[in-house]
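Heads up: the structure comes next, in structure tokens.
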Amino acid sequence: MSRPILTAEEMRSAEAAAISAGTSVDVLMDRAGTAAAEAIRRFAGPLPTLVLCGPGNNGGDGYVIARRLAERGIAVQIAALGEPKSDAARAARDAWSGPVEPLEAVTAAPLLVDCLFGTGLARPLDEAVSAALRSLAAQARIRVAIDLPSGVSTDDGAVLSPVPDYDLTVTFAALKPSHLLQPAARHMGRTVVADIGIPVRGDLSQISRPCLTAPGPSAHKYSRGYVAVLAGEMPGAAALTAAGALRSGAGYVRMLAQEPVAGLPAAVVQSSGEPLRLLDDPRIGAVAVGPGLGRGDGARALLEAALTGQAPLVLDADALVLLAGQDLSRAPHLPILTPHAGEFARLFADRSGSKVDQARRAAAEARAVIVYKGADTVVATPDGRAAIAAAATHWLATAGTGDILAGIIAAMRAAGLEAFEAACAGVWLHGRAGEMAGEGMIADDLLNHLQAALTECS
């Protein structure tokens, strides 16, 4: 099941709804602190612990965490950034029986728990606070952030102040966008979501492992999905797309090219010469066009043939460059566009807001599903739904892996998934295969691990 992601405002609304339904702030704080303490104990063991408490409810969580860890026999000290400002945080402070030291005077401990600031931070930390946090974190063996690392914006992945690298981040009820959006996400370490009894819902979620149906007794190559790949000036890229589709479960993959393409798996059917007439085949479940397409008149003709066809489209690479001024509303199915940051900037002028905001606007403007690629890939639809992928291996930043992603998504679309679901499934499979391929991988290695990634989804 996909994990929901809430913005700071959405989280405040969810908390307010829970309080209106009869759950007090004190109870929610106790649940949060107790759950976080248990996660910390299981992750780090009984290490001597320093808890840093801010003046808000994040600091209140810290007092509860300290008390629960001390009850387990763990040596705990607390340093506070001033007195608590909310009634619930004051009550949590009063329930702590040990001393509270000022932040500037405390000594480091092997385990650091950062409860200074959580959801809703909108400005940089004071330099003295930031410096103290970095110093204490540098001296700790294990670093844990509660809700979010102090210095991170909640909604857009921005880092407002220098942020240490944490080993564990414990958040409550739902993920926040910055748990997955860069550059904040790189500082989170392992992220745990604790259930504290707040119902959450929204249009943003984390991309999760898809549940795909394995072929049954009545399956045949066309029912499993027929993918057509259009090759242009650099057919090697299209060959990777075709191989990606085939390795992702498509039952039939046809390469449409002017000349035979070398290096294809033998199972890919090649049609050269005048292949565009084959796009009229009603059995085609998806057409992938763009990788290696080129940008000349011939490429424009190929793209026009795809846009005027009847099959669902996956548009990548050069096709995205040629799309300027094109009206995608004429496509009979919701197309899928897969831009990286440079291609996105050429297609869409408005770059304000978070990456999620940008992807949603682009999806509405283009009337397409947008796969905004990167270390924090975002998938968005014109109706406002969006999803963020967990951080994929940085080794995917190599030539050809995006071409393969286009093929994987095309295979998912041809198999019958709706455009948004196909895009999310393709992104997950791509990331998982990259993880399996390991360090030093190249695009060809990615192909060799798609089968294993696919088996995890059935």
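The values are calculated or read from the model by the stated rules, or taken from the named source; none is laboratory data. Predicted, not measured: the structure shown is a model, and the values here were computed from it. Here the Cβ positions follow ideal geometry from the backbone for every residue, glycine too, while neighbour counts run over all protein chains shown. Just the protein is used for accessible areas: all its heavy atoms, side chains included, with ligands, DNA and RNA removed. Shrake-Rupley method; radii C 1.70, N 1.55, O 1.52, S 1.80 Å.
Applying the set (1) part of a loop (DSSP other than H, G, I, E, B); (2) surrounded by 18 or more Cβ atoms within 10 Å (Cβ to Cβ); (3) without any contact (Cβ under 8 Å) to a residue 40 or more places away in the chain to L334 leaves exactly one unmet item: (3). Of everything in the range 142-168 that's in contact with a His (Cβ under 7 Å, 6 or more places away or on another chain) and more than 17 Å from E127 (Cα to Cα), which residue is most open to solvent (accessible area, probe 1.4 Å)? Result: D165. Checked against (1) closer than 27 Å to A364 by Cβ; (2) open to solvent by 40 Å² or more (accessible area, probe 1.4 Å); (3) more than 29 Å from the chain's Cα centre (by Cα), D297 meets all criteria but (1). Scanning the range 8-60 for residues that are open to solvent by less than 40 Å² (accessible area, probe 1.4 Å) and either at negative phi or in contact with a helix residue (DSSP H, G or I) (Cβ under 6 Å, 6 or more places away or on another chain) (or both) yields a count of 27. The residue that is modelled with the highest pLDDT, among those in the range 115-140 that are part of a loop (DSSP other than H, G, I, E, B) and more than 28 Å from the chain's Cα centre (by Cα), is A140.
Close Cβ contacts (under 8 Å, 6 or more residues apart or on different chains) running from residues in the range 435-446 that are farther than 14 Å from G244 by Cα to residues that are open to solvent by less than 20 Å² (accessible area, probe 1.4 Å) and small (G, A, S) comprise M436/A453; M441/G434.
Okay, residues lined up against (1) loosely packed, with under 15 Cβ neighbours inside 10 Å; (2) at positive phi; (3) β-branched (V, I, T):
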{"residue": "G73", "(1), (2), (3)": "yes, yes, no"}
{"residue": "A80", "(1), (2), (3)": "no, no, no"}
{"residue": "E83", "(1), (2), (3)": "yes, no, no"}
{"residue": "A88", "(1), (2), (3)": "no, no, no"}
{"residue": "S97", "(1), (2), (3)": "yes, no, no"}
{"residue": "L103", "(1), (2), (3)": "no, no, no"}
{"residue": "L116", "(1), (2), (3)": "no, no, no"}
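Considering each residue of the range 404-442, count those that are within 21 Å of R254 (Cβ to Cβ) and either among the polar types (S, T, N, Q) or over 18 Å from the mean Cα position of the chain (by Cα) (or both), and give that number. Within the range 404-442, residues that are within 21 Å of R254 (Cβ to Cβ) and either among the polar types (S, T, N, Q) or over 18 Å from the mean Cα position of the chain (by Cα) (or both) number 10. Taking the criterion of being within 19 Å of D297 (Cβ to Cβ) and open to solvent by less than 10 Å² (accessible area, probe 1.4 Å), the residues of the range 230-258 that qualify are L230, A231, A238, L256, A257.
Selection of first residues in the range 51-66 that are assigned to a helix (DSSP H, G or I) and of second residues that are among the aromatic types (F, W, Y), restricted to Cβ pairs under 8 Å at least 6 apart or on distinct chains, gives the following pairs, ordered by first then second residue: N58/F117; Y63/W96; A66/W96. For the residues A286, A319, A214, A238, the requirement of being modelled with pLDDT under 90 and either under 30 Å from the mean Cα position of the chain (by Cα) or closer than 24 Å to H449 by Cα (or both) singles out A214. Please go through the range 440-458 and give me each residue that is more than 23 Å from I388 (Cα to Cα) and open to solvent by 40 Å² or more (accessible area, probe 1.4 Å), ordered by number. Within the range 440-458, G440, I442, D444, D445, N448, Q451 meet the criteria.
A362 satisfies every condition listed in (1) in contact (Cβ under 8 Å) with a residue 40 or more places away in the chain; (2) among the hydrophobic types (A, V, I, L, M, F, W, C); (3) within 21 Å of P177 (Cβ to Cβ) except (1).
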